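To start, the structure under review is shown below, and the notes come after it.
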Amino acid sequence: MVTHAVLIAFSLLMFYPVLWWIFASFKSTPELALPTLWPKEWLWRNYPDGWNALPKYTFTFFYLNSFKLNIATTVLHVLSASLVAFGFARLTFPLKNALFSLLLLTIMLPSQVTLIPQYAMFHSLNWINTYLPFIVPAAMGGAFFIFLLVQFIRGIPRELDESAKIDGCSWLGIYWRIVLPLTRPALVTVTIFSFIWGWDDYFGPLIYLNSVDKYTVPLALRMFIDTQSAVAWGQLLAMSLVSVLPPVAIFFLAQKHFVEGIATTGLKG
């Protein structure tokens, strides 16, 4: 009983910033300075006013931009990472171990190290102010996602491959008909990670996108501060709360497969 009480107390303590965030989204700017959690006056209009607060564009526009970009990158991450992982886990080719070790080394490389060379390369290709700096790298798989899927595929019995070969199935057929369906928990994990990381990404769009009509939701939130002399903090907090709903919803809808994918990845192989 004491253990449960302590755990509940610590849970409430950790959840307090989220509660403050939720209640603050219904407050006026002067009231945010008061040391109270519960709003004196519930400003429900913070949500519709915040949705339409930015000049020329509503948050519907930025939501569509974020969804279009992140759905494209997520699909590419899942398909390309699973195909490359299948090659590392099942096929034999020259320098396989060396290439896989090199892949793992790229996970340890900070993104700040490659930022300037990447920007210079994308600028020379005239990709600045387009979504190509996000879509093209996603088509390469992503080192972390490839490693995650390699560990999962290694746990799938090779006898299934041999049975498929006897039935005349090619390697591509084995990948598509045998391995891909069996890696569903890991693919769900990759999908969740890819979508959430892409949705929350602020630095990448800040570097590569210049036009407001291409902005994603994180950049739109920044515009509350850049375009308003007196920042409506209640509206900003309301929109920031709305902005986290898609990734949270995706996580809870796919939570069962996500936990299964994390729990079973790397147990064999």
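The values are calculated or read from the model by the stated rules, or taken from the named source; none is laboratory data. Note that the structure is predicted; figures quoted are calculated from it, not measured. Don't worry about glycine lacking a Cβ; one is built from the backbone with ideal geometry, like all the others, and counts go over all protein chains shown. Areas reflect the complete protein model, heavy atoms only, side chains present, ligands, DNA and RNA absent. Shrake-Rupley method; radii C 1.70, N 1.55, O 1.52, S 1.80 Å.
So, with a 1.4 angstrom probe, what is the percent of accessible area on the range 33-151 that is carbon and sulfur?
73
Please compute the per residue accessible area over the chain with all protein chains in place, 1.4 Å probe, rounded to a whole number of Å². Could you put the intermediate results ahead of the total?
On the way: 15600 Å² over 269 residues.
About 58 Å² of surface per residue is accessible.
Summarise the long-distance tail of P(r) for the range 59-120 by giving the % of C-alpha pairs beyond 13 Å.
On the way: 1428 of 1891 pairs.
Above the 13 Å cut-off, the range 59-120 has 76 percent of its Cα pairs.
Our summary of shape: the Cα atoms of the range 138-224 have principal axis extents of 61, 20, 17 Å, ordered from largest down, in whole angstrom. Once the Cα atoms of helix 255-264 and of the chain are each reduced to a long axis, what angle between those two axes, in degrees from 0 to 90 to the nearest 10, is obtained? Tilt of helix 255-264: around 40 degrees. Counted by Cβ distance under 14 Å from Lys165, the other residues give a net charge of -1, where Lys and Arg count +1 and Asp and Glu count -1. For the range 150-254, a crude dipole built from +1 on the beta carbon of Lys and Arg and -1 on the beta carbon of Asp and Glu, taken about the Cα centre, is about 100 debye to the nearest 20.
Projected onto their three principal axes, the Cα atoms of the chain cover extents of 72, 63, 32 Å, largest first. When the Cα positions of Val6, Trp199, Phe152 are compared along the charge dipole of the chain, Phe152 comes out farthest toward the positive end, with charges on each C-beta of Lys, Arg, Asp and Glu. In the chain, the calculated helix contribution to ellipticity at 222 nm averages -21000 deg cm²/dmol per residue, counting -39,500 (n - 2.57) for every DSSP H run with n ≥ 4. With everything on Cα atoms, drop me the angle between helix 143-153 and the longest principal axis of the chain, reported from 0 to 90° to the nearest 10. Result, in degrees: 50. In a reduced charge model with +1 at each Lys and Arg Cβ and -1 at each Asp and Glu Cβ, the chain shows a dipole moment near 320 debye about its Cα centre. By definition, a body whose alpha carbon gyration tensor gives a ≥ b ≥ c is oblate when a/c is 1.5 or more and a/b is not larger than b/c, and the range 1-160 fits this oblate description.
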